[in-house]
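Below you'll find the structure, written out as structure tokens, and then a few comments.
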């Protein structure tokens with residue numbers, strides 16, 4: 001992508017892409033609609049991103065919509081609860097929930113979007129690693145615990161509850177999920 005047209009154009013393109021995705025879903029997302037909404041010629045969009053998937057992948061990766069603030073509450077339980085709250089917000093906010101849902105449903109059929117998801121989760125895990133390093137240093141977590149397993153269990157419980165069960169995922173549920181992951185079910 002050329003940067004000579006400036007970051008404002010790119011931000012407008014990404015915003016238009018994600019707004020249209022949220023409004024109409026993946027199948028109805030079209031380069032022509034993004035061009036019209038962002039005020040950028042569709043030939044320019046195709047020059048920068050050769051497909052709808054490439055444009056959406058760039059928008060998801062670079063928009064900052066899914067930014068993660070890595071907490072440091074002084075304890076593992078507090079840190080995991082803060083991360084769980086961020087995941088919950090991501091899945092329930094009117095700004096992010098439609099984008100997440102549309103991306104998840106399209107991802108398995110679209111290799112480029114699947115790659116974005118893998119990259120997104122790898123980046124998140126790399127940013128969450130300090131939570132686990134600090135917990136081991138404080139003696140709250142045994143050395144060798146796989147952070148991927150912990151985060152898969154925690155995030156998976158939240159995603160499953162909200163997206164598949166359609167259940168409530170409020171603060172009490174988040175605390176129970178964190179406590180179950182940390183202490184087991186027995």
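A few points about this structure:
- Look at (1) more than 21 Å from the chain's Cα centre (by Cα); (2) assigned to a helix (DSSP H, G or I) and you find that residue 144 fails only one, number (2).
- Scan of the stretch 19-46 for residues that are free of Cβ contacts under 8 Å to residues at least 24 places away in the same chain and loosely packed, with under 13 Cβ neighbours inside 10 Å, ordered by number: 28, 32, 41, 43
- Of all residues in the stretch 48-68, those satisfying the criterion of being part of a helix (DSSP H, G or I), touching a residue at least 40 places away in the same chain (Cβ under 8 Å) and more than 20 Å from residue 91 (Cβ to Cβ) are 48, 53, 54, 55, 57, 58, 62.
- Filtered residues of the stretch 35-51 (kept if touching a helix residue (DSSP H, G or I) at 6+ places or on another chain (Cβ under 6 Å) and closer than 25 Å to residue 97 by Cβ): 37, 38, 49
- No other residue among 137, 180 is within 17 Å of residue 78 (Cα to Cα), assigned to a helix (DSSP H, G or I), modelled with pLDDT of 90 or more and out of contact with any helix residue (DSSP H, G or I) (no Cβ under 9 Å at 6 or more places or on another chain) apart from 137.
The values are calculated or read from the model by the stated rules, or taken from the named source; none is laboratory data. Just so it is clear, the structure is predicted and the values come from calculations on it, not from any experiment. In this analysis, Cβ positions are derived from the backbone assuming ideal geometry, glycine residues included, and neighbour counts consider all displayed protein chains.
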